[in-house]
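The values are calculated or read from the model by the stated rules, or taken from the named source; none is laboratory data. Predicted model only: the values in this text are computed from it and were never measured. We place every Cβ from the backbone using ideal geometry, glycine too, and count neighbours over all the protein chains shown.
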Amino acid sequence: MTPFSFNRARDTTQALELARHGARYLGGGTNLVDLMRETVERPAALVDVTGLSRDITDTPGGGLMIGAAVTNSALAAHPQVRTRYPVLARAILAGASAQIRNMATVGGNLLQRTRCTYFYDAEGSRCNKRQPGQGCDAKDGFNRIHAILGASDACVATHPSDMCVAFAALDAVVHLSSATGTRTLPLTDLHRLPGDHPQLDTVLEAGELITAIELPSSPLAAHSTYRKVRDRASYAFALVSVAAAIQVEDGHVSDVRLALGGVAHKPWRATRAEAALRGQAATPDTFRAAADAELAVAVPLRDNGFKIELAKRTITAVLAELAGVDA
Ligand SMILES: Cc1cc2nc3c(=O)[nH]c(=O)nc-3n(C[C@H](O)[C@H](O)[C@H](O)COP(=O)(O)OP(=O)(O)OC[C@H]3O[C@@H](n4cnc5c(N)ncnc54)[C@H](O)[C@@H]3O)c2cc1C
């Protein structure tokens, strides 16, 4: 590991001040410290931001405001999350292990980096995300876990977070602070597709700090769920995951939210499927047709073609479960 300095911030103002010369923020360290050990990341300075808000509070609009330093465990266990946003509690509990969830923060989960094995292999593999312009060994390598949607010639990595897939389906809003002020961003606009600049995971400016995530009020969200398909029942990242919320009236889909994980460089909001579902009869055929519409633009690599059918079947099964019909 490369030597680095370490400071602890009491609050947002101090965090921004301490980070103004290029330091990296440190949440629970469950991702960043791993990457430092592997020499994928070599920050010269760290600012511990676990002293920032750990509050989960009601908003005037009927939603929830979640402090960036709230741990994954605390968020999943919160009674309001479990009852009003079950998709979020389920997504978090589908990730990592209890010990990691106890350490990991919401801010850190949003900004965790890809689990592409070529990205982690700093000594032996080429990776445009790790070293821009170097090439991508995943594209023609063993790419079973890689992207089928929105990838580029430069990068086929996926975003590994489960929590973010639920946030994408819930229209969550990210609250940010920087030396120049504050701003908000829909979660679906935070992460980037790789394009020609896969080294950039997000649209954040250097030094910008996540201070909170806001969940808008949503009656739909109470009727939501998360399903994660993976190689092992625990401690494995998603091959494909589905976050969904649906409202059925008189046998027809009156409203729906759908997002996919494990398939793209960012949590994938399934807008094509949502459009194909609204107003239609809530039947397995409709659900399958919506899944077909979403995956029509999927491009498989050598080893991950199975993800296309897996995603379609998982979408169909999850919607059928929520709608109370046999798939
Ligand atoms: C063995 C293992 C299995 C795992 N399995 C899963 C899984 O199945 N699903 C899943 O979703 N995750 C999984 N994870 C990932 C885990 O959820 C993340 O490591 C964790 O959420 C990161 O949170 P952290 O607070 O530890 O982040 P850190 O490691 O501290 O930081 C991660 C990144 O976020 C930045 N950062 C942290 N806080 C802020 C902030 N407030 N503002 C701006 N930037 C910030 C850091 O600079 C860093 O770049 C797994 C991890 C491990 C080690």
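Below are the figures for this structure:
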{"read-out": "2 or more residues within 16 Å of the ligand (Cβ to nearest atom): qualifying helices (runs of 4 or more DSSP H) within the range 48-166", "value": "72-77, 86-93, 98-103, 106-110, 117-120"}
{"read-out": "Which numbered condition S97 misses (of (1) in contact with a Cys (Cβ under 8 Å, 6 or more places away or on another chain); (2) surrounded by fewer than 17 Cβ atoms within 10 Å (Cβ to Cβ); (3) of a type in the set (S, T, N, Q))", "value": "(1)"}
{"read-out": "The range 199-221 - residue that is touching a residue at least 40 places away in the same chain (Cβ under 8 Å) and out of contact with any strand residue (DSSP E or B) (no Cβ under 8 Å at 6 or more places or on another chain) and, of those, surrounded by the fewest Cβ atoms within 10 Å (Cβ to Cβ)", "value": "A206"}
{"read-out": "Residues within the range 222-254 that are free of Cβ contacts under 8 Å to residues at least 60 places away in the same chain and within 18 Å of R115 (Cβ to Cβ), tallied", "value": "5"}
{"read-out": "Whichever residue in the range 312-322 is of a type in the set (A, V, I, L, M, F, W, C) and in contact with a helix residue (DSSP H, G or I) (Cβ under 6 Å, 6 or more places away or on another chain) and, among such residues, is surrounded by the fewest Cβ atoms within 10 Å (Cβ to Cβ)", "value": "A320"}
{"read-out": "Matching option when the condition is surrounded by 17 or more Cβ atoms within 10 Å (Cβ to Cβ) and out of contact with any Phe, Trp or Tyr (no Cβ under 7 Å at 6 or more places or on another chain), among A238, A166, A179", "value": "A238"}
{"read-out": "Residue that is nearest to the chain's Cα centre (by Cα) [pool: residues in the range 275-291 that are small (G, A, S) and closer than 24 Å to A222 by Cα]", "value": "A291"}
{"read-out": "Output for the range 244-274, where each listed residue is within 23 Å of the chain's Cα centre (by Cα) and more than 21 Å from R192 (Cβ to Cβ)", "value": "A244, A245, I246, D255, V256, R257, A273, E274"}
{"read-out": "So I92, is it surrounded by 23 or more Cβ atoms within 10 Å (Cβ to Cβ), within 23 Å of R257 (Cβ to Cβ), of a type in the set (A, V, I, L, M) and over 15 Å from the mean Cα position of the chain (by Cα)", "value": "no"}
{"read-out": "Tally of residues being under 21 Å from the mean Cα position of the chain (by Cα) and assigned to a helix (DSSP H, G or I) across the range 292-312", "value": "7"}
{"read-out": "Selection from the range 146-163 of residues that are touching a Ser or Thr at 6+ places or on another chain (Cβ under 7 Å) and either at pLDDT below 95 or surrounded by fewer than 24 Cβ atoms within 10 Å (Cβ to Cβ) (or both)", "value": "P160"}
{"read-out": "Residue in the range 24-34 that is surrounded by 14 or more Cβ atoms within 10 Å (Cβ to Cβ) and away from the ligand (no atom under 11 Å from the Cβ) present", "value": "no"}
{"read-out": "Residue match in the range 117-139 (condition: surrounded by fewer than 21 Cβ atoms within 10 Å (Cβ to Cβ), hydroxyl-bearing (S, T, Y), touching a Gly at 6+ places or on another chain (Cβ under 8 Å) and in contact (Cβ under 8 Å) with a residue 24 or more places away in the chain)", "value": "no"}
{"read-out": "Residue check for A212: at pLDDT below 95 and of a type in the set (A, V, I, L, M, F, W, C)", "value": "no"}
{"read-out": "Any hit, the range 69-79, residues being among the aliphatic types (A, V, I, L, M), under 28 Å from F119 (Cβ atoms), surrounded by fewer than 16 Cβ atoms within 10 Å (Cβ to Cβ) and touching a Leu at 6+ places or on another chain (Cβ under 9 Å)", "value": "no"}
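One line per residue, one yes/no per condition, for (1) more than 24 Å from R84 (Cβ to Cβ); (2) hydroxyl-bearing (S, T, Y):
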position: A179; (1), (2): yes, no
position: T182; (1), (2): yes, yes
position: Q199; (1), (2): yes, no
position: E205; (1), (2): yes, no
position: E208; (1), (2): yes, no
position: A233; (1), (2): yes, no
position: L258; (1), (2): no, no
